[in-house]
Amino acid sequence: MPGNDGNPVKIQYEVLMRLTKKDLSGELMRLFLVSRGVAVENIVEEEAGHQRKMSVFFQREALARHLLTALRSMKLKRVSLSLRVHRKSDWETRWKKGWKPFALTSRLYVMPLFLTGVKCPPGKVPLYLDTTAAFGTGLHETTRFSAGLIERLQHQFESFLDIGTGTGILGVVAFRSGARYVAAIDIDVDAVAAARQNLKANGLTCDVLKVSDVARYVPSRAFNLVAANLITHDLLKFRQKIISCVVPGGHLVISGISLKNMPLIKKEYSVSAGVKCLKICKGKEWSAFLFKRSSESGM
């Protein structure tokens, strides 16, 4: 259907899952969605009382209906599933109304690119950001924790790797914290494109920015600091690969971990894996860890 300018109207197809928190954990649902090829940063979550809403957006109706069919085949109790159709422009306008400038860290202040006439508060460093979906805005606990832990290491690292970069926000934080060499990967081609634009908006360019998953990524070097904002399943599955990307004596930030999975992560990323836990950030539902790799690691 053509729009007023003669171009086809872009449509977003939303697969909406409403689940009671006590009946099914968001972690399990995220794991299932990822197993169906959904990028974790494309999963939009919202809390409403005792109910959790999770949405995945598609530009192709066939993909949305394929996921909906797979979810229905699971016959999950007390989980309501529906397919919603949105004009993309209306959908983007709706969620952007609630996205305002905010303090990401003690120094960095996120300034949405679509806002005009807004000034960064005195004493803060602006971080310009835009996104084509309701993820990667920096509002999620896991992103804020990761950004804070990176800034905590300001001027203590020269190279940085961002695994699951999303909008590239952590790459910008790393540059603003003293990194001179930044690499970033994501399995989502749209996320990589968004990251490239956001870095450009901040006058920055990654040394490496590519579409890749953890398993296939072969870094040309190890890094002083690595950040991996992934689901717990992938953090465990690729534990050795992730740690191997850190130089001996370097630091590792991991997030995307629900509070109930904290003990498991702490156990697996233990001294036996060549890393030591330095700090844990805990929020209402999520957590993030800061580790230091042993100077004598020989993984």
Open item on the list: Of 243, 255, 232, which is farthest towards the positive pole of the range 180-269's charge dipole, taken about the Cα centre with +1 and -1 on the beta-carbons of Lys, Arg and Asp, Glu respectively?
Closed with: 243
- [ ] Calculate, for residue 65 and residue 115, the FRET efficiency according to 1/(1 + (r/R0)^6) with r their C-beta to C-beta distance and R0 35 Å; round to the nearest 0.05.
- [x] 0.50
Open item on the list: If you build the convex hull over the alpha carbons only and average its shadow over all orientations, what do you get for the range 212-299? Give it in nm² to one decimal.
Closed with: 5.3 nm²
Open item on the list: Taking the solvent-accessible surface of protein heavy atoms with a 1.4 Å probe, what is the per residue accessible area of the range 151-299 in Å²?
Closed with: 44 Å²
Open item on the list: Given a 1.4 angstrom probe, I'd like the percentage of the accessible area of the range 196-283 that is carbon and sulfur, rounded to a whole number.
Closed with: 52 percent
Task: By average C-beta atoms within 10 angstrom, highest first, the peptides 214-224, 54-64, 141-151 - done: 141-151, 54-64, 214-224
- [ ] Note down the relative contact order for the range 131-240 as a percent, whole number, built from C-alpha pairs under 8 angstrom at least six residues apart.
- [x] 28 percent
Task: Alpha carbon convex hull of the range 143-259, projected area averaged over orientations, nm² - done: 6.6 nm²
Open item on the list: For a bin width of 10 Å, list the pair-distance distribution of the range 179-228 built from all Cα-Cα distances, rounded to whole %.
Closed with: 23, 56, 21, 0
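The values are calculated or read from the model by the stated rules, or taken from the named source; none is laboratory data. Remember, predicted model here, so these are calculated numbers, not experimental data. Methodologically, a virtual Cβ is constructed for each residue, glycine included, from the backbone with ideal geometry; neighbour enumeration extends over all protein chains shown. Quick note on the areas: whole protein, heavy atoms, side chains included, nothing else; ligands and nucleic acids left out. Shrake-Rupley method; radii C 1.70, N 1.55, O 1.52, S 1.80 Å.
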